[in-house]
Structures are given as C-alpha cells and as structure tokens.
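Asker: Below is the structure I would like to discuss, written out as structure tokens.
Bear in mind that the values in this text are calculations on the coordinates, not laboratory data. All values reported here derive from a predicted model rather than from experimental measurement. Here the Cβ positions follow ideal geometry from the backbone for every residue, glycine too, while neighbour counts run over all protein chains shown.
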Amino acid sequence: MTRLLCGTLLLFASMTIAQQQERPPYYPPPHSTPPGSPEAQNPGQRMPPDSPAPQTLTSAQVAQQIQEKLDTEPILKASKLTVAVDDATVTLSGSVSNEQKHEIALRIAGSYAGKRDIVDHITIRG
C-alpha cells in the first residue's frame, strides 16, 4: 500500500514539473514605447512620396480614353456612342439596345471623368 502511495505521489510530482517546463519563460514588456511614424521622429521633415502625383489629363486625353474604352468594350460592340469632353462635363451621345448597355457606358465614362459631370444623351432603342 505504501509503495502504491509513494508511486502515485512520485507520478504526480513528475507531471507537475513537466507542465511547468512546457510554459515559455516570462519576459516583461519593454519599459519604453517604440518610436512612432517618421513624422513623429522628425516633425520638420516630410518623407518623399512613393510615386509621383498623377498629372491632370486634358479634356482631349480624357475623351480619347473614354472613346477607346467604349469602342473596345465587347458588350457595347454594336452600339454607336460618341464622347465630348470639356473642363466641366463629359457628354455621351448615341444609342444602345438596352438598359444594361446604357449603365455600362455611363459607368465607363464615370471611371475616367474625374471631377467632371456626366451628361447623358444616350437613347435606348427597342
């Protein structure tokens, strides 16, 4: 009986020691806060941008981009759409066969228009 009790006690003690060894050692957190952004380190200096700022496109360049995209869009292949662009507006003219094509043409123009307003002169035939 004492052998059984001593064996159980020895087994319990070795399991307790094994569990304590599995835990990673405790390391206290650093006592100082790491530095923040580069602006916080050098408030007078600014970091250079990763890429140059996009240049503003002329009205002719915007019109060309929109017209090319409208002409190469497969779903708008049978549509006859034209684009006119000035400093304030993008005007779409022509006709399409359904509302889905109409929405796609407007979405394409909007994606290249920038801050210009979209003027819709597209008719839906059918």
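Asker: Could you give each residue of segment 119-126 its phi-based ³J(HN,Hα) in whole Hz, using Karplus coefficients 6.51, -1.76, 1.60 with θ = phi - 60°, and x for Gly or Pro?
Answerer: 9, 9, 10, 8, 9, 9, 8, x
Asker: If I model a spin label at R107 and I75 as a point 7 Å from the Cα along the Cα→Cβ vector, what separation in nanometres do I get?
Answerer: Using points 7 Å along Cα→Cβ, the separation is 0.5 nm.
Asker: Okay, next question. List the residues, sorted by chain then number, that are 5 or more residues from T89 or on another chain and whose placed amide H is less than 5 Å from its amide H.
Answerer: D117
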